[in-house]
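Input: a single structure, listed below in C-alpha cells.
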Amino acid sequence: MELYHSIRINWALYILKVLLVSVLFVMFYTMLSYWHESTALKMRQTLKQGDHMLEIIDSLYEVEVFTHYTSDQDNLMKVRMFYNQLNASEQFQYLVTSGQPVEIRNAQGGKKFVYDANFDGYIDEGESVFGVGDKALTSVKTIGMNRQAFEYYDIGSADSIDWDILTMSADMYPVILGNEYRHYYDVGDIIEGSYLFKDFQFEIVDFLTPNATIFYQNEADYLIDDYVVLPYAEMIQQDIFNESAFAQKYIFYLVNGSIIYQDNVDQIMNRIHEYAMISDFYAYDFIQVAPFYTQYTNLRNAVNDNQALINSIAVLCTIFVMTMCWLCNQVIYKRRRSEYLVHIMMGMNAQQLQWKFAKDGMYECVLFPFVYWWFIKTLKIVSIEGILFLFVVSICWCMMNWLMYGYQVKKTVSYIRGDVR
C-alpha cells in the first residue's frame, strides 16, 4: 500500500530520473562506440586536414572503342607515360586502388576470401573456381595499389616492397595479404596463381595491419582485411609490352585513381592536362568525389579536433543529470519522510530501513533497462556491445540508487537521534 501511494504521488519524478539517466548512458554508449571505431579503424584513411579528392578515370567506356584503342601498342605507350607522369607529380598525390581478382591455386581460408562479382555478399566457393583437381583456381578479393595509396591510407609497412624494381614481366611477384590471412599463410610462402590470365608465383612479403581500411567504391572505411594487395610499380617499364594481351588490360587499371590535392582544383586539372599533352593521352575524365564523403570526413575531423570540448560537455551533462536525480530523491524523501520516521520509531533499524528504501526504488531499476533499450533501438545502435553495456549500466544505476538511498537512511536516523532538526 505504501509503495502504491509512493508511485501515485511521485511517478513524474521517477520517470524524469529514468529518462535523464537513460539519455546520459545512451550518450556515453554512442561516444564509446565512436572512440572504439576510431581506434579500430584508425581513421587514417579519411582525408587529412586540408586535403581534397578528385577521381580520374579513362573515358574508353565502350568495349569496341577500348579494344580498338588498346590494339595499337603506341597508344599503350601513351597510357604508360601518362601514368608515370601522374605518379611522379609533386603538385598532388596519385592513389591507385583498383579491384581485379587474382586466381589462386589451392586457395586457403574459405568463402570469405572469395571474389563476388556482384558485390552483394558471399557466394559459394564453387561459383568462383575454374578448372578441376590440382589445377583448380579460385578467384579471391584483390586490391591493386600503388605506393602512394599504401602510404596515404597507412595500412602497413611500405618498406616490405621494393617498389622501384617491380615489374609484371617477372614470373615471381610480391603480394601483401590482409590480416585475416595470417591464420592460413606465413611470410615467405609462395602461392601459385594467375592475374589477368597470366601465370604468376606470388610471394607473400607481409600482412596488412588489423582493421585496414581505404576509400574504395565510393565507400569510406572500406575494410580490406580479407583482401590480397597487389603492389603496382612506381614507374611502368617498356618490357611490360612484351606481352601485349596482358598489357592491354593491366595498364588501364593504373590510370583510374584518386587525386589528393590542396591547391585550387582548376590548377590541378590544368596540370593533369599538361601531362596529357606530354603523353598525348586524352582519353580521361574527372569525377568529383561524392559530397557525403567530404562531409563525413569533415565531421570526423571536427570531432577529433574538439575531443576535449566534447569530453567537457559529457562531464557537465553527467553532473547535471546526477544533480537532477539527487534533487528528485530529495523531493521524494521529503514526501515520504514521515512514513520512514514512523517505521524507525516502531523499531526498524538502519539496515532494515535501507533495504526498504532499496525496495521502494527497485521499480526504477526495472524501468530503466526498458527505457534505455527503447532509446538505442530507436537510434538503431543495437549491438552485442550495446546489450553488454545495458547490463553494466543497469547495475551501475542500481548501485547509484542504493548509495543515494543509503544517504537518506543515515539522514533519517540522524533526525530521530536529534542530530538534524
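Remarks
- Each peptide in 174-186, 271-283 receives the mean, over its residues, of other Cβ atoms within 10 Å, and ordering these scores from highest gives 174-186, 271-283.
- Only protein heavy atoms count here; on that basis, with a 1.4 Å probe, PHE320 has an accessible area of about 110 Å².
- With the simple spin-label model, which puts each label point 7 Å out from Cα in the Cβ direction, the THR209 to ALA12 separation comes to 5.4 nm.
- Taking 0.36 nm per residue of separation and subtracting the Cα-Cα distance, full extension of the segment from MET269 to GLN100 would add 58.1 nm.
- Anisotropy class of region 157-286 from Cα gyration tensor, a/c 1.5 cut: oblate
The values are calculated or read from the model by the stated rules, or taken from the named source; none is laboratory data. All of these numbers come straight from a predicted model, not from anything done at the bench. Because the Cβ atoms are built from the backbone with ideal geometry, glycine has one as well, and the counts that use them run over all protein chains shown. To get the accessible areas, we keep the full protein, side chains included, count just its heavy atoms, and leave off ligands, DNA and RNA. Shrake-Rupley method; radii C 1.70, N 1.55, O 1.52, S 1.80 Å.
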